[in-house]
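Asks: Take a look at the following structure, please.
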Amino acid sequence: MFEQEMELEKHQSSALPLLLIVGIIVALVGIAGYFLIQSRKSLAPSEASQVVTNILNAQDPPAVSFHTGQIRDGYEENAKDPRYRLLERAGVITIGKSKKDKTPVSLTAKGEDLIKQIPGVKQKNDDAGNPGYTIPLATRKLISVSDVKMKGPERAVISYTWKWEPNALGEEFDASNGKLAGFNTWERVALIDKHGARFFKEAPATVTVNVVNAKNGWQVTAEEKLTE
């Protein structure tokens, strides 16, 4: 009986290392299989389109800001500057006659309708109580995703094409269709640099962006954000 027990213990002791080795091999195969599957995963075209749409929507739209009421002439705000004159030409505001250093500005019926119709309009009074408006002029619209290249299981490079889609007021701030005719060179530069005017009718742009699969889904890489 004693000899049988000793023999059984020998078999058990010799089997333990073998089981341990088998377990390690199975674990290694499982890990290798997991990484192989992950490496073969790709960002689906529909998912890539949503990623790009989120990127485009996250960018601030071009917008024009102005006030109504008694506008005091100053460096940052002046009812005689090109943005006010273009807004008046577009029928959004009426500019009255200046008295001393103040100029009356009022919304037209068309301007009130535009403010109601255009999404994303922000309103805030200035220190003098004059109503202020910031009106988006256009959105960025995705046309197509042309290529998706995986750079690993969690990184990808997406090439896509997008274009401007101006709203009713943005059409008036389109630098490519002659709407800025009548303004001198410096005024056109100011309208483009500071007041939301763009070449909205220019050819669609093709862009390549690096994205990473983070906790909140696919996002632009931190390195790319630093270079924007």
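Read-outs throughout are calculated quantities, based only on the coordinates presented, and are distinct from any laboratory measurement. Just so you know, these numbers come straight off a predicted model, no measurement behind them. Don't worry about glycine lacking a Cβ; one is built from the backbone with ideal geometry, like all the others, and counts go over all protein chains shown.
Asks: Sequence neighbours fewer than 8 away in the same chain don't count; with that in mind, list the lysines whose C-alpha is under 23 Å from Lys194.
Replies: Those lysines meeting the cut-off are Lys80, Lys102, Lys122, Lys124, Lys141, Lys163, Lys179, Lys225.
Asks: Compute the label zone of Glu171 within region 124-138: residues whose backbone N is under 14 Å from the point 7 Å along Cα-to-Cβ.
Replies: From region 124-138, the list is 138.
Asks: Across region 103-110, in residue order, what do the Karplus-derived ³J(HN,Hα) couplings come to in whole Hz, using 6.51 cos²θ - 1.76 cosθ + 1.60 with θ = phi - 60° and x for Gly and Pro?
Replies: 10, x, 10, 9, 6, 8, 4, 5
Asks: Fully extended, how many nm does the chain gain between Asp127 and Ile115 (0.36 nm per residue separation, minus their Cα-Cα distance)?
Replies: Values: separation 12, 0.36 × 12 = 4.32 nm, distance 2.16 nm.
Difference between extended and current length: 2.2 nm.
Asks: Output the peptides 45-51, 128-134 sorted from most to least packed, where packing is the average of other Cβ atoms within 10 Å over each peptide's residues. Please report the intermediate quantities before stating the final value.
Replies: Working: 45-51: 16.1, 128-134: 14.3.
Going by the mean number of other Cβ atoms within 10 Å, highest first, we get 45-51, 128-134.
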